[in-house]
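To start, the structure itself, in structure tokens.
None of the figures in this text is laboratory data; all of them are computed from the coordinates on show. None of the values given here were measured: they were computed from a predicted structure. Because the Cβ atoms are built from the backbone with ideal geometry, glycine has one as well, and the counts that use them run over all protein chains shown.
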Amino acid sequence: MTAFTSDVILDPYDYHFHEDPYPYYKRLRDEAPLYHNEELGFWALSRHQDVREGFRNSTTLSNRDGVSLDPISRGPHASKTMSFLAMDDPAHLRLRTLVSKGFTPRRVAGLRPRIEAITASLLDAIEARAAAAKEAEGEDAVDLIEGFAFPLPVTVICELLGIPVADQDQFRAWSNAIVADSAEPGAFRAAGEAMFRYFTKLVAAKRANPADDMVSALIEASDSGDSLNERELIAMLFLLLVAGHETTTNLIASGTLALLLNPAELTRLRADRSLLPGAVEELLRYVNPLNHATDRFTLEPVELGGVKIPAREWVLCATSSANMDPDRFPDASRLDVTRDAGGHVAFGHGIHFCLGAPLARLEAEIAFGALLSRFPSLSLAADPATLRWRQSSLIHGLETLPVRLA
């Protein structure tokens, strides 16, 4: 088998791809399971088996030259110390071991009452907003992203880290600039530098006055005398803040849209709430918030999908495509809230499996459960064809989601 370089064109920066990537992925799986875009200089793995192998094969597919969420490390004063997304073992294992001490299952499980309280408060607010809009304008549609899907995870991660929730709008602007493809030149770096300055001050304040939050826990984290240095700590805060809300925001919004567009599945879920944990896994598979994993690079020639990739090449593991592979998930293009979606790669696989997966699952289960309970007549308030998707090659998410609550 040879790499497919013509007819099928995958441009991750094209809006048509942002809007609906799945037809592109289907053609890749069928015709070019190892796709090579010579113009943009990347290879893409699209089948489930190959994507999982790409995650496992860290000895030849390296993360260490991957994209860092710390823009300071990308400039002329670049440091070798970056987010552990851009590392391989043993450096990756060292940081993950230290960070996991501030991200224990007990800490995550203990967040349930607070997440439920935040959820209830946000739903109260959007219900009041819808009622006020109907009285004033005769239109009761609200944006579920602005009123719920964004503020829920960003409030949770801000509280978890010990960051003032009042700063969440600023964080949203910074995060959008970091993940967007359409940002003006310099916007990525400007947003990153602003976040870097913010976190530098935050870390200094927490060192002086530790509190019961994750920043303080990360400062204190140690293993056999080892600890996070200043740059590692700040890079980790970049990752936790951006990844900690971007993916969950898109899961809640896109998952809600998927349920509204599949009313039979929504009805099944309303009738049997015991399906909720499995439904979250199915929605992770079906509306994967990330198109692909962080960049990987070949350290030596490697054969994947029957094709040999030369050394020093850029490789994308298309997780959204892998999750739609019918060889792994029969009738994969159909949403099925009773499906056993185990084995999906929405959280990655192997050593880079998402550290925040338990928190994302908990937030999604609470969010969807509360929406189902509070608004039994929830409906889409726009033609699905008019919905706009964010211009990001990495993130797959809506700009807005207009809904009616009753």
For Lys134, list the aspartates and glutamates whose Cα falls under 17 Å from its own Cα; do not include residues on the same chain fewer than 8 positions away.
Asp124, Asp143
Could you tell me the calculated FRET efficiency between Ala406 and Cys354, based on Cβ-Cβ distance and R0 = 35 angstrom, to the nearest 0.05?
0.50
For a test of the definition: using alpha carbon positions, the gyration tensor, and the 1.5 limit on a/c, classify segment 15-404 as rounded, prolate or oblate.
oblate
Work out how much length Arg374 to Leu40 would gain on full extension: take 0.36 nm times their residue separation and subtract the Cα-Cα distance, in nm to one decimal.
115.6 nm
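Could you tell me which helices of the chain pass both thresholds, a Cα extent of 30 Å or more along their own axis and a mean Kyte-Doolittle hydropathy of at least 0.5, with helices taken as whole DSSP H runs? It would help to have the intermediate numbers written out before the result.
Details: long enough: 112-137 (37 Å, -0.03); 187-208 (32 Å, 0.17); 230-261 (46 Å, 1.16).
The qualifying helices are 230-261.
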Please name which of Ile366, Pro402, Ala385 has its Cα lying farthest along the dipole of segment 323-406 towards the positive end, using unit charges on Cβ (Lys, Arg +1; Asp, Glu -1) and the Cα centre as origin.
Pro402
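Please return the longest range in the chain lying between exposed loop sites, taking chymotrypsin sites (Phe, Trp or Tyr not before Pro), DSSP loop only, at most 15 other beta-carbon atoms within 10 Å, and leaving the sites out. List each step's numbers first, then the result.
On the way: sites that count: Tyr13, Phe353.
Counting only loop sites that pass the neighbour cut-off, the longest clear stretch is 14-352.
What dipole magnitude, in Debye to the nearest 20, does segment 15-404 give about its Cα centre under +1 on Lys/Arg Cβ and -1 on Asp/Glu Cβ?
Values: 40 positive and 52 negative charges, 162 e Å.
Here the size comes out at about 780 debye.
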For the chain, set up a Gaussian network in which alpha carbons nearer than 10 Å are linked by springs, and say which option among Asn63, Asn229, Asn37 fluctuates the most.
Asn229
